[in-house]
1. For segment 257-302, name all the residues that are assigned to a helix (DSSP H, G or I), in contact (Cβ under 8 Å) with a residue 40 or more places away in the chain and either open to solvent by 40 Å² or more (accessible area, probe 1.4 Å) or not hydroxyl-bearing (Ser, Thr, Tyr) (or both).
2. What tally of residues in segment 209-228 results from selecting those that are more than 21 Å from GLY323 (Cα to Cα) and surrounded by 24 or more Cβ atoms within 10 Å (Cβ to Cβ)?
3. Could you list, ordered by first residue, the pairs with Cβ atoms under 7 Å in which the first is in segment 159-178 and within 10 Å of ALA198 (Cα to Cα) and without any contact (Cβ under 8 Å) to a residue 12 or more places away in the chain and the second is within 16 Å of ligand 2 (Cβ to nearest atom) and assigned to a loop (DSSP other than H, G, I, E, B), at least 6 apart or interchain?
4. I need a count of the residues in segment 315-337 that are exposed (fewer than 14 other Cβ atoms within 10 Å of the Cβ) and either touching a helix residue (DSSP H, G or I) at 6+ places or on another chain (Cβ under 8 Å) or touching a residue at least 40 places away in the same chain (Cβ under 8 Å) (or both).
5. Restricting attention to segment 68-110, which residues are aliphatic (A, V, I, L, M), away from ligand 1 (no atom under 16 Å from the Cβ) and open to solvent by less than 60 Å² (accessible area, probe 1.4 Å)?
6. Just one of the numbered conditions (1) of a type outside the set (Asp, Glu); (2) open to solvent by 40 Å² or more (accessible area, probe 1.4 Å); (3) under 25 Å from LEU50 (Cα atoms); (4) outside any loop (DSSP other than H, G, I, E, B) is not true of GLY305; which one?
7. Using beta carbons and a limit of 8 Å, which pairs, at least six apart or on different chains, have the first residue in segment 48-65 and open to solvent by 10 Å² or more (accessible area, probe 1.4 Å) and the second one within 16 Å of ligand 2 (Cβ to nearest atom)?
8. State all residues of segment 127-144 that are in a loop (DSSP other than H, G, I, E, B) and under 19 Å from the mean Cα position of the chain (by Cα); if no residue qualifies, say none.
Amino acid sequence: MVKAAVLTRQGGPLEVREIAIGEPGRGQVKVRVHAAGVCHSDLSLANGTLAQEVPAVLGHEGAGVVVAVGDGVSRVAVGDHVVLNWAPACRECWFCEHGEPWLCVHAEEVARSPYATLDDGTPVYPGLGTAAFAEETIVPAAGVVKVPDSVPMDQAAVLGCAVQTGAGAVLNTARVRAGEAVVVVGLGGVGLSALQAARAVGAGPIIGVDVSDAKEDLARLHGATDFVVSGDTAAKAVRKLTGGRGADHAFDCVGLPATIRLAWSASRRGGSVTVVGVGGRSSTVEFSALELYWFGRTLHGCVFGSSDPDVEIPRLLGLVEEGTLDLAALATATTDLAGVNDAFERLGQGARTIVLF
Ligand SMILES: [Zn+2]
Ligand SMILES: [Zn+2]
């Protein structure tokens, strides 16, 4: 039995319970989790914004050590340090074969099958297939990416979602280049990672936008050259900082209609707008037919930073080694398993709360 933070009903709190996870089957890997970041998507799964079968163990931004491997696993061995990957690619479907493994049609299947049981035998689902809010988890071999032992676990964890998503949006989806103007709306772990990636490629100005000016220092620490408080005048403030045109690239890292509209209005004619935040099924964003034509903008959706973790995580670690990406700055608070509910309350405030085991 291992301790896990279990969601028994959407809308309810996570409860620390004992679960039985057994041994890895063919093609599976068992990981002792050392660190797990608390991501906004965990809250969306917990509160019902996103669908989730229960009971479930959430947590999809994790890192740990492989403690057992099932038959047929050659990718990793016992003792390897790994980052969990919540979108394991099958490498065989149309999307995988066409270089877009983040859109793999099979990536979500793991999350739909129970992987553990409560002490009364009730099957437990792994949130986003990774179930990192537990002392141990079992995932398919494609659900782990090996990292050097020298990478601290809390820093490895944030690579698993926030950094791949935020930096990936900048590097892969929008392909920001040196000298281009960037605006990032919503400065949680993902948005701050986007700022860092913009800094890493030499973009500028880099404008951070959030609801409160309490975020300004954090934004600047992560690469923002300017900071704007969101609201009715925010898009105008961004245009003022960008020669009156608007940013070449705007990123919405929130997923609300108002923030997507803000990113849209803060970008220039012919610029790009990338929707990184995961919004609700029933939230709708309106565009007039004329503005879609007239502004000549490109609107991108961005799943998992349009990145293949097998390629992206080593590349991001290379940037860390160069000193252009600062993972330590992202892990701003730590807690234990019982503290995840409180960490949900703090999601708007800092960068990332990391559950340490
Ligand atoms: Zn996440
Ligand atoms: Zn696939």
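The values are calculated or read from the model by the stated rules, or taken from the named source; none is laboratory data. Not measured: the values here are computed from a predicted model. Positions of Cβ are backbone-derived with ideal geometry, glycine not excepted, and every protein chain shown enters the neighbour counts. Only protein heavy atoms, including side chains, enter the accessible area calculation; ligands, DNA and RNA are left aside. Shrake-Rupley method; radii C 1.70, N 1.55, O 1.52, S 1.80 Å.
1. Going through segment 257-302, the residues assigned to a helix (DSSP H, G or I) turn out to be 257-266, 289-294.
Filter once more, keeping what is in contact (Cβ under 8 Å) with a residue 40 or more places away in the chain: 259, 262-263, 266.
Within segment 257-302, LEU262, ALA263, ALA266 meet the criteria.
2. From segment 209-228, those more than 21 Å from GLY323 (Cα to Cα) are 209-216, 226-228; that's our starting set.
Next, from what is left, pick out any that are surrounded by 24 or more Cβ atoms within 10 Å (Cβ to Cβ): 209-210, 215, 228.
Of the residues in that region, 4 qualify.
3. Once the first residue is within 10 Å of ALA198 (Cα to Cα) and without any contact (Cβ under 8 Å) to a residue 12 or more places away in the chain and sits in segment 159-178, no partner that is within 16 Å of ligand 2 (Cβ to nearest atom) and assigned to a loop (DSSP other than H, G, I, E, B) comes close enough.
4. Number of matching residues: 1.
5. ALA68, VAL69, VAL73, VAL76, ALA77, VAL82, ALA89
6. Single failed check for GLY305: (2).
7. GLU53/ARG112
8. If we filter segment 127-144 for residues that are in a loop (DSSP other than H, G, I, E, B), which is where we start, we get 130-133, 135.
Result: THR130, ALA131, ALA132, PHE133.
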